[in-house]
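Just below is one structure, and these are the notes that go with it.
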Amino acid sequence: MNETIASDELGLAAEAPAELRYTRRIEDLPSPKGQPFAGNALQLSGRQMHQKFTAWVGEFGPMFRLQVFGHTIVIVSDAATAHGVMRERPDGFRRNGGLKQVMNELHIGGVFTAEGAAWRKQRKLVMSGLNAEVIRNFFPKMVTLTERMLERWKVALAEGRTVDLRRDLKAMALDTIVGIAMGHDIDAVNQDGDPLQRDIDNMFQRLGNRTTAAFPYWRYFKLPVDRAAERSFADIEKRVVEFIRHTRERMEQQREQQRKPANMLEAMIAASEDPESEFTDEELVANAILSVIGGEDTTANSIAWMLCLLAQNPAAAAALAAEVDQVLGAAPLPREWEQMKAFSYLEAAHSETQRLKAVAPYLGLTANADCVVADTFIPKNTAIIVATAGEGRDEAQFPGHERFRPERWIAELRNPDEEDPSRKLFPFGGGARLCPGRFLALTEIKVVVAMIMRNFELEPDPKAPPAKELLNFFMAPSSVPVRLKLRVPPAEEVR
């Protein structure tokens with residue numbers, strides 16, 4: 001893990017302000033043993049860095065410290081402390097400076113890396129494109145995209161071909177995010193080797209490698225993979241600028257689209273053209289690119305992990321299939337917006353998946369001023385990492401924590417001695433910087449997973465390699481060792 005985790009100038013304050021009350025300082029926190037000069041840096045490099053955080057939480061407790069090339073980093077994992085820190089954003093804590101530097105080097109910024117007034121302005125721009133009305137207007141198109149993937153899978157199985165779930169889920173997520181973000185149908189599901197998907201995968205690969213590298217070599221010399229990443233961004237930017245140009249031309253001819261936008265780009269363009277908005281074209285392009293890059297990987301990974309866990313837990317899969325059958329009736333997939341509220345077990349399965357396989361397992365922040373966190377004095381500019389999945393593996397918080405049990409998220413199915421877990425995890429972050437795309441992600445997950453459970457049975461694939469956790473900025477499975485088998489719905493079994 002390089003200096004990107006703590007690139008700001010740090011240092012413990014000699015004297016804390018009198019008005020702050022606390023009983024310990026950072027040096028009082030436990031810490032894993034490191035190496036001279038590097039500290040814990042070499043222990044954190046690589047694509048399983050998040051697993052090291054989880055292991056250390058179990059060993060050192062919910063708050064401890066690390067040293068990375070002379071910089072101090074504080075790790076917090078308990079829900080109360082993490083929620084308190086996230087609630088103080090953006091005024092009390094900012095996005096980690098090193099992460100912003102890496103993202104800006106790859107020209108991935110927008111609302112994700114903005115702070116202060118710039119963040120508030122861009123947040124308004126992005127939320128205008130991801131509100132419930134825009135997603136509801138896009139819902140029929142999402143249904144069409146899901147039907148297209150269903151037909152692809154049915155044809156593949158009828159012809160005796162296997163379904164590459166990892167590839168198809170990523171393609172489906174890309175079709176959805178480009179559809180709602182840009183208003184264009186690229187049909188990545190049926191177009192093998194779509195260049196936009198290739199470029200996004202390349203960008204994520206570089207982003208993941210750079211945020212977990214022990215040394216930022218690319219600032220001194222570039223390897224072929226770094227030059228390829230730069231070409232990928234240029235291609236992504238060119239494609240997005242073209243989407244924006246076509247959308248503006250269409251909106252000039254159809255002015256009603258400004259009053260009722262059908263996708264994110266239309267909503268953002270309408271917002272940006274308000275004379276009082278002060279949105280620039282650069283901000284519009286940056287956030288359009290960010291939405292496409294960020295919206296593809298997270299949703300696809302969430303569904304992939306859920307399918308892996310369901311295939312390994314047939315009782316949970318059967319319970320979910322029963323709920324889907326009840327909600328959909330004879331339909332092969334959800335076609336009514338109101339049905340999105342009826343999938344309580346599916347929502348629970350998603351929460352349980354995020355508990356065990358969080359796609360965003362940590363969040364890097366930096367203190368804007370001297371403060372106290374969990375009775376510990378935190379000097380200004382100290383880096384803090386929130387381990388978002390920290391309590392998910394805590395036996396005291398989640399009895400039987402190694403088991404995939406969606407019932408723990410449903411009040412009437414929960415064991416009498418179990419507490420409500422809804423405030424113990426935060427897969428979409430928290431506070432004012434809560435992920436703006438969470439509503440879209442949950443809607444897509446419900447539509448796609450309901451379609452899968454309605455039409456297919458899930459079986460573990462013994463010939464496929466096991467799914468390993470790979471941190472590629474987001475946490476992804478190395479494979480999806482699940483086979484689909486055509487399912488005979490109950491209504492047809494009776495005939």
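The values are calculated or read from the model by the stated rules, or taken from the named source; none is laboratory data. Quick caveat: nothing in here was measured; it's all calculated off a predicted structure. FYI the Cβ positions are ideal-geometry reconstructions off the backbone, even for glycines, and counts take in every protein chain you see. Accessible surface is based on the protein model in full, side chains and every heavy atom, while ligands, DNA and RNA are left aside. Shrake-Rupley method; radii C 1.70, N 1.55, O 1.52, S 1.80 Å.
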Selection status of R166, within 18 Å of the chain's Cα centre (by Cα), surrounded by fewer than 23 Cβ atoms within 10 Å (Cβ to Cβ), among the charged types (D, E, K, R) and at pLDDT 90 or above: yes
task: Identify all residues within segment 101-126 that are surrounded by 21 or more Cβ atoms within 10 Å (Cβ to Cβ), polar (S, T, N, Q) and touching a residue at least 24 places away in the same chain (Cβ under 8 Å); write none if there are none.
output: Q122
query: Among (1) touching a residue at least 40 places away in the same chain (Cβ under 8 Å); (2) under 27 Å from K141 (Cβ atoms); (3) surrounded by fewer than 21 Cβ atoms within 10 Å (Cβ to Cβ), where does R438 come up short?
result: (1)
- prompt: Being modelled with pLDDT of 85 or more, aromatic (F, W, Y) and either within 30 Å of G364 (Cβ to Cβ) or part of a loop (DSSP other than H, G, I, E, B) (or both), is that true of even one residue in segment 92-106?
  reply: yes
task: Residues that are open to solvent by less than 10 Å² (accessible area, probe 1.4 Å) and over 24 Å from L310 (Cα atoms): find the strands (runs of 3 or more DSSP E) completely inside segment 337-420 holding 2 or more of those.
output: 363-367, 376-378, 383-386
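Test V285 against the stated conditions and say whether it is at pLDDT 95 or above, in contact with a helix residue (DSSP H, G or I) (Cβ under 8 Å, 6 or more places away or on another chain) and assigned to a helix (DSSP H, G or I). Break it down stepwise before answering.
On the way: at pLDDT 95 or above: no; in contact with a helix residue (DSSP H, G or I) (Cβ under 8 Å, 6 or more places away or on another chain): yes; assigned to a helix (DSSP H, G or I): yes.
So V285 does not fit the description; no.
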- request: Of the numbered conditions (1) over 24 Å from the mean Cα position of the chain (by Cα); (2) without any contact (Cβ under 8 Å) to a residue 12 or more places away in the chain; (3) assigned to a helix (DSSP H, G or I), H246 fails exactly one; give the number of that condition.
  value: (2)
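In the list V155, V143, which residue meets the criterion of being surrounded by fewer than 19 Cβ atoms within 10 Å (Cβ to Cβ), touching a Lys or Arg at 6+ places or on another chain (Cβ under 7 Å) and farther than 30 Å from T366 by Cβ? Can you show your working first?
On the way: V155 fails: touching a Lys or Arg at 6+ places or on another chain (Cβ under 7 Å).
Step by step, each of V155, V143 is checked, and only V143 is surrounded by fewer than 19 Cβ atoms within 10 Å (Cβ to Cβ), touching a Lys or Arg at 6+ places or on another chain (Cβ under 7 Å) and farther than 30 Å from T366 by Cβ.
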query: Any chance segment 478-487 includes a residue that's of a type in the set (A, V, I, L, M, F, W, C) and touching a Ser or Thr at 6+ places or on another chain (Cβ under 9 Å)?
result: yes
statement: Among A476, A441, A432, A467, the single one that is over 26 Å from A330 (Cβ atoms) and either among the polar types (S, T, N, Q) or part of a loop (DSSP other than H, G, I, E, B) (or both) is A467
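Taking A396, is it hydrophobic (A, V, I, L, M, F, W, C), free of Cβ contacts under 8 Å to residues at least 12 places away in the same chain and more than 23 Å from R87 (Cα to Cα)?
On the way: hydrophobic (A, V, I, L, M, F, W, C): yes; free of Cβ contacts under 8 Å to residues at least 12 places away in the same chain: yes; more than 23 Å from R87 (Cα to Cα): yes.
Against the criterion (hydrophobic (A, V, I, L, M, F, W, C), free of Cβ contacts under 8 Å to residues at least 12 places away in the same chain and more than 23 Å from R87 (Cα to Cα)), A396 qualifies.
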- request: Output yes when any residue across segment 191-209 is β-branched (V, I, T) and open to solvent by less than 60 Å² (accessible area, probe 1.4 Å), and no when none is.
  value: yes
field: Residues (in contact with a Phe, Trp or Tyr (Cβ under 9 Å, 6 or more places away or on another chain) and farther than 18 Å from M49 by Cβ) located in segment 68-81
entry: G70, A79
task: Output the residues belonging to segment 27-55 that are closer than 21 Å to H83 by Cβ and either exposed (fewer than 13 other Cβ atoms within 10 Å of the Cβ) or at pLDDT 90 or above (or both).
output: L29
query: Here are some conditions: (1) of a type in the set (D, E, K, R); (2) surrounded by 19 or more Cβ atoms within 10 Å (Cβ to Cβ); (3) under 21 Å from F473 (Cβ atoms). R231 meets all but one. Which one does it not meet?
result: (2)
